[in-house]
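Worksheet for the structure shown next.
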Amino acid sequence: MRAPVVLLTGVDPDAMAATMVGLQFGLPGAVAVRHHIDVDRQVLTRTVSDLTGVIEQHETELEHACVSCAIREDILPTLERLARAGRWKSIVAHLPVGAEGAHLCSVLGWDTRLARFLRVAAVVTAISGRHPVRDLLGEDLLADRGLHCSHDDRRGVGEVLCSMVEYADAVVLDGAVDPIARGLVRTLVRPGAPVVDGASELDSDALTGRLHQHQCTEAWASPTRSDELPLVGAEGVWQVDLRSPRPFHPDRLLDSLEQLGSGRHRSRGCFWLPTRNGRVITWDGAGGQLSIGDHGPWQKKSPFTRIVLTGVGVAPAHVRSAFASLLMTADEAARGWQVIEDGFEPWLGPIREVA
């Protein structure tokens, strides 16, 4: 019988710690394993505990202090070992602060050997109740708060936390939050995923059952999602869905990225360029931090451009006109594109390698 694993993610150590304790007490016969990356020392600390207390604590030196190394060298081997021991009914895996659950879910999805012993039952994201809107839409970097996962980790707090919320099967708010903050979380989270005040409000049977439906999660979190979005039902929260079958104009996009990428909002989706017409390019931003990257081929999908912006207060008046101004016109598309470089090489690599 495969051991159900509840993955715990977040960017606030206190909120994650409180949620882990709640999960331990709420799940009968659970064992918890917490991993912490000390970037300066290049050390990964593992702590295993159950209701009887701490069972083991161990430090592992990492060649590179990063999430991928931590997952490969200790997190997955430890989860497998605990599952094969047969002493516990479920496992709570407290991932390193700032580490997203998607990577581990993906590994467990294709590694058939590990899948004999482990299955992801739920992905839970813990959010601090102190400043949830600032955490989701603010400008801070993880490194500004000493929460980075490696020396070269320049990710924004909002970018990471928004992505975690969107991937989560349940969100736990650690402390009372105002209606706008709660509404923002409910707008970002996958429809139907519970948003609760404290882990004690989560249903233990659901957590260890089939709360995590990988295909549903991937569809909601995918940059190429194409379905209609649910209506925003939260007062004080806005959402703008920008879409077109046309590509962005490479030069205008480079000159005007900040028109859509900057500001106190979450923005995510995909676009395409005439210089790279076979590739999906991801758009992933929050609080003024923006990442773009190559997601892979369009495969059977026809290329399209879609950016969804979500924020609080009043939606900026310029976003629709700004989006339209970045799209190629029919005349521009008819001229064709034969260039060696398009300016996006620092993010997407040389054109010849992705064409």
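The values are calculated or read from the model by the stated rules, or taken from the named source; none is laboratory data. Since we're looking at a predicted model, the values are computed, not measured. Cβ coordinates were reconstructed from backbone atoms using ideal geometry, including for glycine residues, and neighbour counts include every protein chain displayed.
Please specify each residue of the range 75-110 satisfying the condition of being more than 17 Å from the chain's Cα centre (by Cα), aliphatic (A, V, I, L, M) and more than 22 Å from THR60 (Cβ to Cβ).
Once the filter is applied, which keeps residues that are more than 17 Å from the chain's Cα centre (by Cα), aliphatic (A, V, I, L, M) and more than 22 Å from THR60 (Cβ to Cβ), the range 75-110 yields nothing.
Kindly indicate whether VAL5 is touching a residue at least 24 places away in the same chain (Cβ under 8 Å), crowded, with 23+ Cβ neighbours inside 10 Å, within 20 Å of GLY109 (Cβ to Cβ) and within 26 Å of the chain's Cα centre (by Cα). Even if it seems obvious, please write down each step before you answer.
Values: touching a residue at least 24 places away in the same chain (Cβ under 8 Å): yes; crowded, with 23+ Cβ neighbours inside 10 Å: yes; within 20 Å of GLY109 (Cβ to Cβ): yes; within 26 Å of the chain's Cα centre (by Cα): yes.
Spelling it out, VAL5 is indeed touching a residue at least 24 places away in the same chain (Cβ under 8 Å), crowded, with 23+ Cβ neighbours inside 10 Å, within 20 Å of GLY109 (Cβ to Cβ) and within 26 Å of the chain's Cα centre (by Cα).
Taking only pairs six or more apart or across chains, which ones have beta-carbon atoms under 6 Å, a first residue in the range 275-292 that is at positive phi, and a second residue that is assigned to a strand (DSSP E or B) and not acidic (Asp, Glu)?
From residues that are at positive phi, the pairs are GLY287/GLY156.
Given the residues VAL92, VAL107, which is the only one that is among the aliphatic types (A, V, I, L, M) and assigned to a strand (DSSP E or B)? Give the steps one after another, and end with the answer.
Values: VAL107 fails: assigned to a strand (DSSP E or B).
Of the residues listed, the single one that is among the aliphatic types (A, V, I, L, M) and assigned to a strand (DSSP E or B) is VAL92.
Taking the stated definitions as given, is ARG320 more than 22 Å from LEU161 (Cα to Cα) and surrounded by fewer than 18 Cβ atoms within 10 Å (Cβ to Cβ)?
Working: more than 22 Å from LEU161 (Cα to Cα): yes; surrounded by fewer than 18 Cβ atoms within 10 Å (Cβ to Cβ): yes.
In short, yes.
May I ask you to list the residues in the range 243-274 that are small (Gly, Ala, Ser) and either under 15 Å from GLU159 (Cβ atoms) or without any contact (Cβ under 8 Å) to a residue 40 or more places away in the chain (or both)? Can you show your working first?
Initial filter on the range 243-274 (small (Gly, Ala, Ser)): 244, 256, 261-263, 267, 269.
Listed by number, the residues that qualify are GLY261, SER262, GLY263, SER267, GLY269.
Residue check: is ILE71 free of Cβ contacts under 8 Å to residues at least 60 places away in the same chain, closer than 26 Å to GLY198 by Cα and either in contact with a His (Cβ under 7 Å, 6 or more places away or on another chain) or surrounded by 14 or more Cβ atoms within 10 Å (Cβ to Cβ) (or both)?
No: the conditions fail for ILE71.
Only one of these is at pLDDT 95 or above, more than 30 Å from GLU235 (Cβ to Cβ) and more than 22 Å from the chain's Cα centre (by Cα): PRO303, PRO274. Name it.
PRO303
Just need a number here: residues in the range 45-62 that are touching a Leu at 6+ places or on another chain (Cβ under 8 Å) and at pLDDT 90 or above.
2
Got at least one residue in the range 258-270 being in contact with a Gly (Cβ under 6 Å, 6 or more places away or on another chain), surrounded by 18 or more Cβ atoms within 10 Å (Cβ to Cβ), closer than 15 Å to ALA322 by Cβ and at pLDDT below 90?
Scanning the range 258-270 turns up at least one residue that is in contact with a Gly (Cβ under 6 Å, 6 or more places away or on another chain), surrounded by 18 or more Cβ atoms within 10 Å (Cβ to Cβ), closer than 15 Å to ALA322 by Cβ and at pLDDT below 90.
Name, by its number, the condition in (1) within 28 Å of GLU63 (Cα to Cα); (2) surrounded by 19 or more Cβ atoms within 10 Å (Cβ to Cβ) that does not hold for ASP153.
(2)
Scan the helices (runs of 4 or more DSSP H) fully inside the range 159-242 and keep the ones with 3 or more residues being modelled with pLDDT under 95 and surrounded by fewer than 16 Cβ atoms within 10 Å (Cβ to Cβ).
214-221
Exactly one of these conditions fails for GLU63: (1) under 21 Å from the mean Cα position of the chain (by Cα); (2) in a loop (DSSP other than H, G, I, E, B). Give me its number.
(1)
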